[in-house]
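Novice: Handing you this structure, nothing more for now.
The values are calculated or read from the model by the stated rules, or taken from the named source; none is laboratory data. What you see is a predicted model; the values in this text were computed from it and never measured. Ideal geometry is used to build each Cβ from the backbone, glycine not excepted, and the neighbour counts take in all protein chains shown.
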Amino acid sequence: MSKPKAPRRVGDDEAMAMARNLRVSPQKLNLVAQSIRGMRVEKALAELEFSRKRISTDVRKCLQSAIANAENNHGLDIDRLVVAKAFVGKNMVMKRMHARARGRGSRVEKPFSQITIIVRETVESV
């Protein structure tokens, strides 16, 4: 006897991808995620391709992974996909010391973050 299958975390018409340990602060990553929320995936990929933010390449890889998951794992039509949700979370923080005057030190925190992208298949009303 085995355990019953775990229920899906997203709906039947959705697919998800997550990128972890991205070397950028969550506040900066959220600016990029905010620029693609609610967009069609073709337009979101173009937005990330020509974005001047350094982290946009990693977000673009995550979005392409979500599109591939939708097509291969869930059988969704990639022409009707929309970025339903794109949310950012904190991850680990590297702590370093920076030498200061008179033998003191100050802490330098180097934050990491993660992004979760959920794409949804929409019904087109043409």
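Novice: Name the one entry in ARG96, ARG104, ARG80 that is without any contact (Cβ under 8 Å) to a residue 12 or more places away in the chain, over 19 Å from the mean Cα position of the chain (by Cα) and either over 13 Å from ILE36 (Cα atoms) or surrounded by fewer than 16 Cβ atoms within 10 Å (Cβ to Cβ) (or both).
Specialist: That would be ARG104, the only listed residue that is without any contact (Cβ under 8 Å) to a residue 12 or more places away in the chain, over 19 Å from the mean Cα position of the chain (by Cα) and either over 13 Å from ILE36 (Cα atoms) or surrounded by fewer than 16 Cβ atoms within 10 Å (Cβ to Cβ) (or both).
Novice: Something else about it: Which residues, taken from segment 1-25, are closer than 30 Å to GLU124 by Cβ and of a type in the set (A, V, I, L, M, F, W, C)? Can you show your working first?
Specialist: Kept after step one, since they are closer than 30 Å to GLU124 by Cβ, are these residues of segment 1-25: 7-19.
Residues satisfying the conditions are VAL10, ALA15, MET16, ALA17, MET18, ALA19.
Novice: Okay, next question. Sort out which residues of segment 46-58 are farther than 16 Å from VAL82 by Cβ and in contact with a Leu (Cβ under 8 Å, 6 or more places away or on another chain), and write them in order of number.
Specialist: Filtering segment 46-58 down to residues farther than 16 Å from VAL82 by Cβ leaves 49-58.
Result: LYS53, ILE55, SER56, THR57, ASP58.
Novice: Let me ask something additional. Output the residue which, of all residues in segment 16-45 that are free of Cβ contacts under 8 Å to residues at least 24 places away in the same chain and over 13 Å from VAL83 (Cα atoms), is surrounded by the most Cβ atoms within 10 Å (Cβ to Cβ).
Specialist: LEU31
Novice: Here's a follow-up. Out of the residues in segment 1-20 that are acidic (Asp, Glu) and assigned to a loop (DSSP other than H, G, I, E, B), which is farthest from SER56 (Cα to Cα)?
Specialist: Restricting attention to segment 1-20, the residues satisfying the condition of being acidic (Asp, Glu) are 12-14.
Now narrow it down to the ones that are assigned to a loop (DSSP other than H, G, I, E, B): 12-13.
Numbers: ASP12: 28, ASP13: 26 Å.
By that ranking, first place goes to ASP12.
Novice: Looking at VAL88, is it assigned to a helix (DSSP H, G or I), in contact with a Leu (Cβ under 9 Å, 6 or more places away or on another chain), within 16 Å of SER113 (Cα to Cα) and modelled with pLDDT of 95 or more? I'd like the intermediate steps shown before the answer.
Specialist: Details: assigned to a helix (DSSP H, G or I): no; in contact with a Leu (Cβ under 9 Å, 6 or more places away or on another chain): yes; within 16 Å of SER113 (Cα to Cα): yes; modelled with pLDDT of 95 or more: yes.
So VAL88 fails the test.
Novice: Go through (1) outside any strand (DSSP E or B); (2) touching a His at 6+ places or on another chain (Cβ under 7 Å) and name the single condition VAL108 misses.
Specialist: Single failed check for VAL108: (1).
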